[in-house]
2 protein chains.
Amino acid sequence: MTTRREQTSQESRELILAAAAELFTEKGYRQTTFADVGERSGISRGSIPWHFGSKEGLLLAVLERSLADLRAGLGEPTARVETALDLLAEGAGALFVLPAGRLFVNLLVEALEPGSPIQGRYVEMHEALREHGRRVLELLPLPPGMSAEGLSVLLVGAVIGVHQQWLLAPDRVDYPEALAALRTLMARAVLP
Amino acid sequence: MTTRREQTSQESRELILAAAAELFTEKGYRQTTFADVGERSGISRGSIPWHFGSKEGLLLAVLERSLADLRAGLGEPTARVETALDLLAEGAGALFVLPAGRLFVNLLVEALEPGSPIQGRYVEMHEALREHGRRVLELLPLPPGMSAEGLSVLLVGAVIGVHQQWLLAPDRVDYPEALAALRTLMARAVLP
């Protein structure tokens, strides 16, 4: 049985995590302080280290949560080509509309820093996306010589790179048109 | 006629720029100090502000130079499909082998920061790449409904995103295979 105290602690943890994810997205990781997280979450700033140890611990927990959300949001692979293409297109489109999409880019900076504690977790997020792509693509009739692995790296890369161009210049980058081009390329490659 | 003094000044400027580009690539922009640039270039650190005003001015000059190198390195568009595909493949491959490729990613962080002074310049670099892609693609027989603009955003994005996955996990990301998949997709879309 969960005691009242445990339940409150779990609730506080959730509130802190949600506030931290928002702030890391809006201000970036470096610019966010425990005081900001305390204010946004309504939880005393002094209790944040009790829950997460350090700011780095908080960042890792936020990434853990994003990874779980990401995994939960990806659909089941199917051998029906049109359905598979829809599935890939939906996954691609999600990055542009979910708040976690921007977080993903903001944290790239931290992940690329030499010796970064979140590098491993960030690579895991990339791998979860690639693995999903591979599982969908393995069921499709790919052109001779094209591996599901290579194509999956390409698809994940395309979505990441279109997203970044759009974040930098939303008025000048028509991302739906770029994703439509990707779908057309894929359809021509795998439809009979 | 260039005086001796002007020549020396121009040489110092070049040495500082080359050293700064290396250091921004290796250590990142924030971690690099005028002292580092002075030591690497062999030019007195005190003269750096004289040439570039501030660290931000130095960063803008490094970006300006990268943009010029980038433009000079892109080949001339052609209507021969195989040649055009080679041209796009070469452009894509260059990001992975040139030292400026890593600089490009390191500076993305700075460019995405709200109010960043380099955001405009970074967008220009993206646009130079997209424009090159568009000029090559406009000469090719694209599938119905696919615009050279949308496809160009996609190709630039694919290269950026594959590059980042590879930087984070070089042992786990087979980038040549991903670029080969891109070439196959393109060939199936535009070859008769």
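No value in this document is a laboratory result; all are computed from the given coordinates. Owing to the predicted nature of the structure, the values given are computational and were not obtained by experimental measurement. Positions of Cβ are generated from backbone atoms using ideal geometry, with glycine treated the same way; all protein chains shown enter the neighbour counts.
Is the C-alpha gyration tensor of the protein assembly as shown telling us rounded, prolate or oblate? Criteria: a/c under 1.5 is rounded; beyond that, a/b larger than b/c is prolate, otherwise oblate. Cα axes put the protein assembly as shown in the oblate bin. In nanometres and ascending order, the distances from the B:LEU15 label point to those of the other copies are 6.0 (point 7 Å from Cα along Cα→Cβ). Stokes-Einstein diffusion for region A:62-190, with the hydrodynamic radius set to the Kirkwood value over Cα pairs and evaluated at 4 °C in a medium of 1.567 mPa s, equals 84 µm²/s. Only DSSP H runs of four or more residues enter the estimate; each adds -39500 (n - 2.57), and after division by the residues of the protein assembly as shown the mean residue ellipticity at 222 nm equals -24500 deg cm²/dmol. Pull out a ≥ b ≥ c, the square roots of the eigenvalues of the alpha-carbon gyration tensor of region B:149-189, then state rounded if a/c is under 1.5, prolate if not and a/b is larger than b/c, and oblate in the remaining case. Oblate shape, in that a/c is at least 1.5 and b/c is the bigger or equal ratio.
For region A:43-135, trypsin sites (Lys or Arg not before Pro) meeting the loop criterion (DSSP other than H, G, I, E, B) and having at most 12 other Cβ atoms within 10 Å: A:ARG80. Roughly what angle does helix A:55-73 make with the longest principal axis of chain A, taking Cα atoms, 0 to 90 degrees, to the nearest 10? Once rounded, the angle reads 40 degrees. Take every pair of alpha-carbon atoms less than 8 Å apart whose residues are at least six positions apart; their mean separation over the length of chain A yields a relative contact order of 20 percent. Helix A:119-137 versus the longest principal axis of chain A: what is the Cα-based angle in degrees, 0 to 90, to the nearest 10? Here the helix axis deviates by roughly 30 degrees. Candidate cross-link partners of B:LYS27 among the aspartates and glutamates, defined by an alpha-carbon separation under 15 Å and a same-chain spacing of 8 or more, comprise A:GLU110, A:GLU113, B:ASP36, B:GLU39, B:GLU110. Spatially, region A:72-139 and region B:18-89 are offset by 31 Å when compared through their Cα centroids. Between helix A:4-27 and chain A there is an angle of about 60 degrees, using the helix long axis and the longest principal axis of the Cα atoms.
Label-point spacing for A:ARG172 across the identical copies (point 7 Å from Cα in the Cβ direction), in nm and ascending order: 3.4.
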